[in-house]
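One structure is given here, and the rest of the page talks about it.
Read-outs throughout are calculated quantities, based only on the coordinates presented, and are distinct from any laboratory measurement. Values in this document were obtained by computation on a predicted structure and should not be read as measured data. Glycine gets a Cβ as well: all are built from the backbone with ideal geometry, and neighbour counts include every protein chain shown.
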Amino acid sequence: MARLAAVEPAHLNKPIPHIEGWTVSSVVGHTGWVARYATLAIAATPDAPPSRANVPEPPPGDEVIGWFDEGQRQLLSAIEAADPDHICPTFTGPQPVSWWRRRLAHEASIHRWDAYAATGSPDPIDPAQARDGIDEIFDVFVKVRMQFDVLKGAGETLHFHATDIDDGEWLATLGAESIEWSHDHAKADVAARGPVSDLLLLLWGRLPPSRLELFGDSSLLDRWQHAAAF
């Protein structure tokens, strides 16, 4: 699987087709910045979180690739040295270091896909990682990033069915201020079927609903992508 550190310098200025205003350089720089922030957070305590101002901004030009790689190596060293149960700051409140390990694995896989989408057809995300990535969306991101005033949930149901793995089903019920979810198989107002990587990318707004096999009211998936904007 291609890595962000292997991005060709000639591709840095190519636009990301599904993220307005971003280029490959933006993705590499952002991911390197997040790695550095997380490195500081892993060593911190919840009552003394790192300041975003203490994290340097990405350098211009080709230097961003080496800068990204350096940040990743620093992060891996910090994770390996830390007690996975150490409670540290995160953007969801105090969590163990293992929370960051999970989050950053998904951060890297999604943004790797972003960068290579700018230059062709990127490899799909590993099925096991994609499955956990969907769980993480429901566990974490809908609680902190979903625009419920845009989603306007009133009990509508969404079912996602992965066709390439076992135990790859998700049922979500949209509420006014929350989303209930499970791994149940049930009839829903809309169902999307396809490879688990495509389902994850759909939920992240990277692929349009039309890339999946759809049943029912597909406008609910458009509403999700508009309100999620992860």
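Some notes on this structure:
- Listing R101, R145 from fewest to most neighbouring C-beta atoms within 10 Å gives R145, R101.
- Counting 0.36 nm for each residue step from V144 to S210 and taking away their Cα separation leaves a gain of 21.1 nm.
- Based on DSSP H segments of at least four residues, each scored -39500 (n - 2.57), the chain has a per-residue ellipticity at 222 nm of -12500 deg cm²/dmol.
- Computed magnitude of the charge dipole of region 4-117 (debye, nearest 20; Cβ of K, R +1, Cβ of D, E -1): 200 debye
- Degrees, to the nearest 10: 127-136 long Cα axis against longest axis of the chain: 80 degrees
- Highest-MSF residue in the chain out of A78, A192, A108 [GNM, Cα springs under 10 Å]: A78
- Net charge dipole size for the chain [Lys, Arg +1 and Asp, Glu -1 on Cβ; Debye, nearest 20]: 420 debye
- Contour minus Cα-Cα distance for A6 and S121 (0.36 nm per residue): 39.8 nm
- Secondary structure note: in the chain, about 75% of the DSSP beta bridges are antiparallel.
- Of A162, A53, A188, the one that fluctuates the most in a GNM where the chain has Cα springs shorter than 10 Å: A53
- Rounded FRET efficiency, nearest 0.05, which uses the C-beta distance separating S178 from D62 and R0 of 41 Å: 0.35
- Cβ-placed point charges (K, R +1; D, E -1), dipole of region 127-228 about Cα centre in debye, nearest 20: 360 debye
- Take each peptide in 85-91, 163-169, count the other Cβ atoms within 10 Å of every residue, and average; sorted highest first, the result is 85-91, 163-169.
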